[in-house]
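Q: Structure in structure tokens, see below.
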Amino acid sequence: MPAITVNQVRHFYRLDGNENKPVVMLVHSLGTDHSLWDRQAADLLPHFRVLRYDVRGHGATEAPAGDYNIATLAGDALAMATAFGTERFAFCGLSLGGMIGQWLGAKAPERLTRLVLANTSARFPAPELMETRRKTALTLGMSPFTETALRRGLLAASLDAEYPWVGSLRSILLSTNPVGYAGCCAAIRDLDQTDLLAEIRVPTLVIGGDRDVSTPWPGHGDLLANTIPGARFVVLPAAHLSNLECPAEFSAALVDFLAARG
């Protein structure tokens, strides 16, 4: 299992593609892992070297006890890139990953070439939801809210269709370390990066879902698109996990933006 210790935490990672290609880092959402990006990684490989990893507390990465914050999680991303000798890289994050991306775009713009923020928000619309999930995970484990989380993340049609990746998502969520999940819930609960958005000077693409109830486009995606200087945007016919529900459209937008010149 490929693993590397950064910031005193052992992280699982995948680094695929040719060494002579520019690097793109893909960072997943709460309660998933690096496999969220399987389709996009395959679509990006002709153009990029693709670095994915499990965020602390998720997948095969260690789960330190206690509350996390976005700055700490962003520090992990930077340390990961540095460990592989990557000074500058493109970044794409969905939901929690996008929250990490906002911090990087504002606080470490010299490290990024381009930035993609998907189905995310500068301030989570329901911090009380994250606090409830945090407490539940620590006391009862992951199973009490797994189905609710899936219904918030996906359209009913996706759940009813029984796509293989729905079953995989359910298994990944159920197997997530409750301590690590709770730590990331705290980071989202305490998030307010609204004042950072205007400081982002990295070329940015914002991707949203028109039926996303977790980070709705009105008031969240559109705020990012309208506040980050020069940001472009794409709204897909999807719920929160738009890269799974609209994989071809998501990948096309990603490749077009990341591979563009200028």
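Q: I need every pair where a residue in segment 88-103 that is in contact (Cβ under 8 Å) with a residue 24 or more places away in the chain has its Cβ under 6 Å from the Cβ of a residue that is aromatic (Phe, Trp, Tyr), sequence separation at least 6 or different chains.
A: Listed pairs, sorted by first residue: GLY101/PHE91.
Q: Moving on. Got a sec? Which of GLY208, GLY183, GLY221 is part of a helix (DSSP H, G or I), touching a Phe, Trp or Tyr at 6+ places or on another chain (Cβ under 6 Å) and buried (at least 19 other Cβ atoms within 10 Å of the Cβ)?
A: On the way: GLY208 fails: part of a helix (DSSP H, G or I); GLY221 fails: touching a Phe, Trp or Tyr at 6+ places or on another chain (Cβ under 6 Å).
Among GLY208, GLY183, GLY221, only GLY183 is part of a helix (DSSP H, G or I), touching a Phe, Trp or Tyr at 6+ places or on another chain (Cβ under 6 Å) and buried (at least 19 other Cβ atoms within 10 Å of the Cβ).
Q: Further question on the same structure: Can you pull out every residue in segment 50-75 that is surrounded by fewer than 20 Cβ atoms within 10 Å (Cβ to Cβ) and free of Cβ contacts under 8 Å to residues at least 40 places away in the same chain?
A: ALA71
Q: THR146 passes all but one of (1) under 23 Å from GLY57 (Cβ atoms); (2) modelled with pLDDT of 95 or more; which number fails?
A: Evaluating THR146 over (1) under 23 Å from GLY57 (Cβ atoms); (2) modelled with pLDDT of 95 or more leaves (2) as the failure.
Q: A further question follows. Can you name the residue in segment 114-147 that is over 19 Å from ALA186 (Cα atoms) and in contact (Cβ under 8 Å) with a residue 60 or more places away in the chain and is also surrounded by the most Cβ atoms within 10 Å (Cβ to Cβ) among such residues?
A: Going residue by residue through segment 114-147, those that are over 19 Å from ALA186 (Cα atoms) are 114-118, 147.
Next, from what is left, pick out any that are in contact (Cβ under 8 Å) with a residue 60 or more places away in the chain: 114-118.
Details: ARG114: 21, LEU115: 27, VAL116: 28, LEU117: 32, ALA118: 30.
Ranking the qualifying residues of segment 114-147, first place goes to LEU117.
Q: Is there a residue in segment 20-36 that is out of contact with any Leu (no Cβ under 9 Å at 6 or more places or on another chain), of a type in the set (S, T, N, Q), surrounded by fewer than 22 Cβ atoms within 10 Å (Cβ to Cβ) and more than 30 Å from ALA137 (Cα to Cα)?
A: Within segment 20-36, one or more residues are out of contact with any Leu (no Cβ under 9 Å at 6 or more places or on another chain), of a type in the set (S, T, N, Q), surrounded by fewer than 22 Cβ atoms within 10 Å (Cβ to Cβ) and more than 30 Å from ALA137 (Cα to Cα).
Q: Condition (residue is under 15 Å from the mean Cα position of the chain (by Cα), part of a loop (DSSP other than H, G, I, E, B), buried (at least 18 other Cβ atoms within 10 Å of the Cβ) and not polar (S, T, N, Q)) applied to segment 89-96: is it met by at least one residue? Steps first, answer last, please.
A: Just the residues of segment 89-96 that are under 15 Å from the mean Cα position of the chain (by Cα), to begin with: 90-96.
Imposing the further condition that a residue be part of a loop (DSSP other than H, G, I, E, B) reduces the set to 95.
In the following step, the residues that additionally are buried (at least 18 other Cβ atoms within 10 Å of the Cβ) were identified as 95.
Among the residues that remain, those that are also not polar (S, T, N, Q) are: none.
No, every residue in segment 89-96 fails to be under 15 Å from the mean Cα position of the chain (by Cα), part of a loop (DSSP other than H, G, I, E, B), buried (at least 18 other Cβ atoms within 10 Å of the Cβ) and not polar (S, T, N, Q).
Q: Applying the selection to segment 128-162, what residues are over 22 Å from VAL179 (Cβ atoms) and touching a helix residue (DSSP H, G or I) at 6+ places or on another chain (Cβ under 8 Å)?
A: ARG151, LEU154, LEU155, SER158, LEU159 - these are the residues of segment 128-162 that are over 22 Å from VAL179 (Cβ atoms) and touching a helix residue (DSSP H, G or I) at 6+ places or on another chain (Cβ under 8 Å).
Q: Give the number of residues within segment 148-174 that are surrounded by 12 or more Cβ atoms within 10 Å (Cβ to Cβ) and outside any loop (DSSP other than H, G, I, E, B).
A: Going residue by residue through segment 148-174, those that are surrounded by 12 or more Cβ atoms within 10 Å (Cβ to Cβ) are 149-155, 158-159, 163, 165-166, 168-170, 172-174.
Filter once more, so that each one left must be outside any loop (DSSP other than H, G, I, E, B): 149-153, 158-159, 165-166, 168-170, 172-174.
Adding up the residues that qualify gives 15.
The values are calculated or read from the model by the stated rules, or taken from the named source; none is laboratory data. Just so we're clear, the structure is a prediction, and the values are computed from it rather than from any experiment. So basically every Cβ, Gly included, is an ideal-geometry build from the backbone, and we count neighbours across all protein chains shown.
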